[in-house]
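What follows is a set of notes on a single structure, which appears directly below.
The values are calculated or read from the model by the stated rules, or taken from the named source; none is laboratory data. Predicted model, so just to flag it, every value in this text is computed and none were measured. Using ideal geometry, Cβ is built from the backbone for each residue, glycine included, and neighbour counts are taken over all protein chains shown.
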Amino acid sequence: MRFDSPRTILHGQGTRHELVNFVKQSSSILIVTDHYLLKSGQLPQLPNAHIFANVQPDPTEANVTAGLAIANENAIDTIVAFGGGSPIDCAKAIRHAYKPVPLIVIPTTAGTGSEATPVMVITDESAGIKRMTRDTSLMPDIAIIDAELSSTMPRPLTAHVGVDTLTHGIEAFVSKKRHTLSNLHAITCIERCHQHLRLAWQDGTNMAARESMALAALHGGLAFGNSSVALVHGMSRPLGALFHIPHGLSNAVLLPEVTRFSYVGDETRYNEVARLLGISPTLESLLEYLQSLNADLEVPRLRDCCQHKQERFEQLIPKMALDALASGSPANNPRIPTVSEIEAIYRAAW
Ligand SMILES: NC(=O)c1ccc[n+]([C@@H]2O[C@H](COP(=O)([O-])OP(=O)(O)OC[C@H]3O[C@@H](n4cnc5c(N)ncnc54)[C@H](O)[C@@H]3O)[C@@H](O)[C@H]2O)c1
Ligand SMILES: [Fe+2]
């Protein structure tokens with residue numbers, strides 16, 4: 001079994017200031033970020049840096065092309081990603097298309113775990129899909145996990161990225177591709193989400209909770225990057241591509257119904273998840289936990305996310321189900337669904 005991770009991981013409050021020590025040899029640096037973070041005043045101040053801040057949430061191929069042009073024009077020799085999963089994935093794609101220069105990532109959400117995965121998700125607007133690519137060369141070289149950055153996240157963002165993190169832990173743990181080392185990270189991820197997600201949401205200045213969720217996100221990335229995600233992520237990407245629902249939110253609204261469907265595929269494993277969440281090992285208690293977590297974090301229902309456009313949703317279900325299957329993620333699920341079963345889960349989640 002193989003386990004991949006960044007070469008170096010720094011963690012702890014204030015570690016973002018150590019970035020400067022890793023770029024001393026660099027003569028031309030590309031910082032990939034977004035407009036909010038550019039304006040936040042948090043951006044690392046580096047000499048020789050060129051800033052590309054036009055990354056949109058769910059980065060597109062056009063974003064990658066624009067960032068690549070800046071890399072080429074300035075003979076970039078190091079790329080720094082500063083932001084949530086969107087700037088990180090865009091930076092991965094830019095490096096992939098450019099050349100193998102060092103990639104340093106500083107996540108500001110907690111989060112996608114993209115700082116520690118060989119995975120990127122780029123939206124192909126013409127095909128209406130979010131395309132996931134997995135390649136060892138996509139792994140960042142250095143990840144700097146500084147929870148102070150995530151303390152500015154408002155409640156809805158904390159909820160979305162937090163349930164995304166929990167989903168990474170659960171999916172990596174039940175995936176058919178799980179193995180001994182990915183399991184360790186999945187377990188820690190689930191336990192930390194159980195202990196600290198609600199607290200981080202209730203009080204964004206609770207730094208113990210923020211720190212724990214930043215680590216949960218990292219562990220989640222290490223877990224699913226080496227195991228895999230599964231049906232929740234397979235079904236959530238089409239919702240992102242077609243309804244522009246933020247990644248974590250689209251996972252959160254699907255997680256209970258997908259768990260209901262998948263449970264019989266590996267009861268032992270899901271019961272173990274329940275135990276990690278401090279509840280009795282039954283499907284009913286697992287569903288109740290996930291539903292009340294969404295309710296406590298004020299996660300809206302799928303129909304609210306789609307502005308109640310039920311007709312459009314119904315029309316798109318066949319495409320979404322096919323795109324979900326084609327992504328490959330459902331094949332890792334403990335219970336492998338047919339197209340019509342995926343369609344039924346979308347309807348049940350509505
Ligand atoms: N590569 C992977 O392994 C992987 C895994 C999961 C998700 N993803 C992808 O990551 C993307 C989602 O990333 P995300 O959920 O981190 O969000 P994001 O990067 O899209 O950011 C969402 C919003 O939050 C803002 N934001 C970021 N940090 C903030 C902070 N500290 N305080 C306040 N606002 C802040 C951003 O400016 C943006 O407006 C999706 O495209 C998803 O497909 C990738
Ligand atoms: Fe995710």
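Taking the criterion of being of a type outside the set (A, V, I, L, M, F, W, C) and in contact with a Phe, Trp or Tyr (Cβ under 8 Å, 6 or more places away or on another chain), the residues of region 217-232 that qualify are N226, S227.
Just a yes or no: is a residue in region 257-270 at positive phi and assigned by TED's automatic domain parsing to the domain that holds G162? There is no residue in region 257-270 that is at positive phi and assigned by TED's automatic domain parsing to the domain that holds G162.
If you go through region 151-170 and keep only what is closer than 13 Å to S228 by Cβ and within 11 Å of ligand 1 (Cβ to nearest atom), you end up with T167, H168. Return yes when G67 is within 12 Å of ligand 1 (Cβ to nearest atom), surrounded by 24 or more Cβ atoms within 10 Å (Cβ to Cβ), at pLDDT 95 or above and not assigned by TED's automatic domain parsing to the domain that holds T205 and no when it is not. So G67 does not fit the description; no. Filtering region 236-260 to residues that are in a helix (DSSP H, G or I) and surrounded by fewer than 19 Cβ atoms within 10 Å (Cβ to Cβ) leaves L242, F243, R260. Being over 27 Å from H168 (Cα atoms) and in the same structural domain as P140 (by TED's automatic domain parsing): is that true of F22 here? Yes, satisfied. Looking at region 168-189, which of the residues that are within 14 Å of ligand 2 (Cβ to nearest atom) and out of contact with any Cys (no Cβ under 9 Å at 6 or more places or on another chain) is nearest to A214 (Cα to Cα)? Step by step, filter region 168-189, then rank; the result is C189.
Applying the set (1) closer than 23 Å to G240 by Cα; (2) touching an Asp or Glu at 6+ places or on another chain (Cβ under 7 Å) to S175 leaves exactly one unmet item: (2). How many residues does region 108-128 contain that are in a loop (DSSP other than H, G, I, E, B) and buried (at least 23 other Cβ atoms within 10 Å of the Cβ)? Adding up the residues that qualify gives 7.
One residue stands out among those in region 30-47 that are within 11 Å of ligand 1 (Cβ to nearest atom) and without any contact (Cβ under 8 Å) to a residue 60 or more places away in the chain: the one that is surrounded by the most Cβ atoms within 10 Å (Cβ to Cβ), which is T33.
Look at region 1-29: where a residue is at pLDDT 95 or above and a partner is of a type in the set (S, T, Y) and crowded, with 18+ Cβ neighbours inside 10 Å, sitting 6+ places away or on another chain with Cβ atoms under 7 Å, you get V23/T78; S26/T78; I29/T78.
Only one of the numbered conditions (1) touching a Lys or Arg at 6+ places or on another chain (Cβ under 9 Å); (2) at positive phi is not met by G83, and that is (1). Residue count for region 149-170 satisfying the condition of being surrounded by fewer than 18 Cβ atoms within 10 Å (Cβ to Cβ) and in a helix (DSSP H, G or I): 3. The single condition among (1) within 9 Å of ligand 1 (Cβ to nearest atom); (2) surrounded by 24 or more Cβ atoms within 10 Å (Cβ to Cβ) that I190 does not meet is (1). Of all residues in region 312-338, those that are loosely packed, with under 14 Cβ neighbours inside 10 Å and of a type in the set (V, I, T) total 1. The residue that is nearest to ligand 1 (Cβ to nearest atom), among those in region 171-183 that are assigned to a helix (DSSP H, G or I) and hydroxyl-bearing (S, T, Y), is S182.
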